[in-house]
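The values are calculated or read from the model by the stated rules, or taken from the named source; none is laboratory data. Model, not experiment: these values are computed from the prediction. Here the Cβ is made from the backbone with ideal geometry for all residues, glycine too, and neighbour counts use every protein chain on show. Note: accessible area is taken over every heavy atom of the protein model, side chains too, but ligands, DNA and RNA are not part of it. Shrake-Rupley method; radii C 1.70, N 1.55, O 1.52, S 1.80 Å.
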Amino acid sequence: MTRLAFPGFILAAVAAIMWGTAGTAQTFITSTTLSPLWVGALRIVFACLFFYPILFLRPDSSQSSHKTQGSGKNNYLLKVLAAGGCMAMFNLLFFTGVKISGVALGSCTIIASAPVWAGVLEAVIKRKFPDHLWLIGVGVAIAGGIWMAISQASNIEVSFFGLGICLVAGFFYASYSLLAKELVLLTTPLRASAHSFSVAAVIALCAAWIFSDFPEILFQDMLIVLYLGVAVTGIAYLLYGTALKTTRVSTCVALGLLEPVTAFILAITVVRESVNPWATLGLIAILAGLALVLKSEQKQKSIAD
């Protein structure tokens, strides 16, 4: 059982690393009218365009929903709607919170709060209480993430309203993860992702249309958004959904802390940003904390076996 779960760690980690490339990719967008809301909405649409051809071409696609027949079908639909709504809200609140609080502090608050929310939700809903290793690991990793954000920001102006939005965004991400866990136990990760992201795409497109002007479409910008949709969203969330089949939600969410590590490395190597050497201490803390989280996961699997 533990061996089957181990690849889940890898898949969740790879997904987080791919998410970490999003910020760097967006820096290459040149259009001033392509707002973050449109970028977020379009990348979800492109993710759906990635999911559905594969879903229809898979030989077992017609048989993959056998667990959603009968009385379970309505339950599956409700979970799809809820998961899609959570993903759309996370997408919208992420960009709003980051805009108000700033990229460093906003992103850090969202990413750091999500594992805490996941642990609370698992404890309240699933009665799965985290052990001391998980709590220490997440605490160390979160502290490392906060240190990285603070050390990189030359002038941080705290907006409590913006931080509140970021905390809510973290809650919706954790909620999506919990619902995605339920969905991948009912059907395949591909089908669950395609259905829930379809709901998210409708909501995100409506929000972008209402709250942002229609953007100027540039070919090079669409290539970047295509990458964000297919790789950073489509492939990454498919890997993430697959990881949820064998790994605790709280662990998968905690591994999302690899995202700022990736963004930090890319900022140095690709964007050529000036980096505070003290930020590397935060990077080390994140990796050390995640090592404890993974040890906790293996310990829980051993107990279950």
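Right, Ser31: of a type outside the set (Phe, Trp, Tyr), modelled with pLDDT under 80 and in contact with a helix residue (DSSP H, G or I) (Cβ under 8 Å, 6 or more places away or on another chain) or not? So Ser31 fails the test. Among the residues of the range 114-133, what is the count of those that are at pLDDT below 85 and under 16 Å from Lys295 (Cβ atoms)? Number of matching residues: 2. Regarding the range 266-273, can at least one residue be identified that is surrounded by fewer than 23 Cβ atoms within 10 Å (Cβ to Cβ) and touching an Asp or Glu at 6+ places or on another chain (Cβ under 7 Å)? Yes, because at least one residue in the range 266-273 is surrounded by fewer than 23 Cβ atoms within 10 Å (Cβ to Cβ) and touching an Asp or Glu at 6+ places or on another chain (Cβ under 7 Å).
Residue-by-condition table, conditions (1) under 17 Å from the mean Cα position of the chain (by Cα); (2) not in a helix (DSSP H, G or I):
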position	(1), (2)
Leu238	yes, no
Thr242	yes, no
Leu258	yes, no
Asn276	no, yes
Leu281	no, no
Ala285	no, no
Lys295	no, no
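Among the numbered conditions (1) at pLDDT 80 or above; (2) closer than 24 Å to Gly144 by Cβ, the only one that Val98 does not meet is (1). One residue stands out among those in the range 23-49 that are part of a helix (DSSP H, G or I) and among the polar types (S, T, N, Q): the one that is least open to solvent (accessible area, probe 1.4 Å), which is Thr24. Here Ile111 meets each of (1) within 21 Å of Leu292 (Cα to Cα); (2) over 13 Å from the mean Cα position of the chain (by Cα); (3) modelled with pLDDT under 90 with one exception, condition (2). Condition check for Arg127 on (1) free of Cβ contacts under 8 Å to residues at least 12 places away in the same chain; (2) buried (at least 22 other Cβ atoms within 10 Å of the Cβ): one failure, at (2). Counting residues in the range 229-248 that are among the β-branched types (Val, Ile, Thr), open to solvent by 10 Å² or more (accessible area, probe 1.4 Å) and modelled with pLDDT under 90 gives one or more.
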